[in-house]
1. Looking at segment 38-75 only, could you name the residues that are in a helix (DSSP H, G or I) and surrounded by fewer than 16 Cβ atoms within 10 Å (Cβ to Cβ)?
2. When residues of segment 78-115 are filtered for being of a type outside the set (Phe, Trp, Tyr), open to solvent by 30 Å² or more (accessible area, probe 1.4 Å) and closer than 30 Å to ASN33 by Cα, how many remain?
3. For segment 6-20, what are the residues that are over 15 Å from ILE51 (Cα atoms), modelled with pLDDT of 85 or more and either open to solvent by 50 Å² or more (accessible area, probe 1.4 Å) or of a type in the set (Gly, Ala, Ser) (or both)?
4. Could you check TYR147 against (1) modelled with pLDDT of 90 or more; (2) in contact with a helix residue (DSSP H, G or I) (Cβ under 9 Å, 6 or more places away or on another chain); (3) open to solvent by 90 Å² or more (accessible area, probe 1.4 Å) and say which number it fails?
5. Just to be sure before I move on: is THR87 modelled with pLDDT under 95, under 17 Å from the mean Cα position of the chain (by Cα) and among the polar types (S, T, N, Q) in the structure I sent?
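The values are calculated or read from the model by the stated rules, or taken from the named source; none is laboratory data. If you're wondering where the values come from, they're calculated on a predicted model, not measured in any experiment. As a convention, Cβ positions derive from the backbone with ideal geometry for all residues, glycine included, and neighbour counts pool all protein chains shown. Side chains included, ligands, DNA and RNA excluded: accessible areas come from the protein's heavy atoms. Shrake-Rupley method; radii C 1.70, N 1.55, O 1.52, S 1.80 Å.
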Amino acid sequence: MYPPKHHQENDINHMIEVIKTYPLATLISVKNNIPFITHLPLIYNGTNKLIGHIDKYNPHAELLQNSNEITIIFSGPQCYISPSIYTTTQLPTWNYMKVPVKGTVTAINDAEVVKDSMVKMTDFLEQPEHHYKLDINNPRMEGAINY
């Protein structure tokens, strides 16, 4: 992966903090040399797993059921760096933070576990004010669960 090694972060705790701070991920799968890309929030659960929910009507969902390897990219802050801020002859550049993750998907087929994960994701994403709390018995969740 580029950038050069001396610009790459290897501290797993820092990478986890980036994932927690910027949970909107880019999910990438490939089928027949065609990339499928979906943006969705993924929550780090503290045990080196990411929890997320993809709409059952998203064509990407079917591809994820086959335990194919996926790539996920979390994007942190980014900005243009102007040479005008240097006293040397530095060229323009772009500063950014990305956390790439590779793995496989495990579907959760237990409706109560899916509901619980959706409640926990909502709770995490509502931080710190928690203006909204998703009720595990919300009838609208039934239509969002993949059966």
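1. Result: PRO59, GLU62.
2. 12
3. Within segment 6-20, ASN10, ASP11, ILE12, ASN13, HIS14, GLU17 meet the criteria.
4. (1)
5. Details: modelled with pLDDT under 95: yes; under 17 Å from the mean Cα position of the chain (by Cα): no; among the polar types (S, T, N, Q): yes.
Answer is no for this residue.
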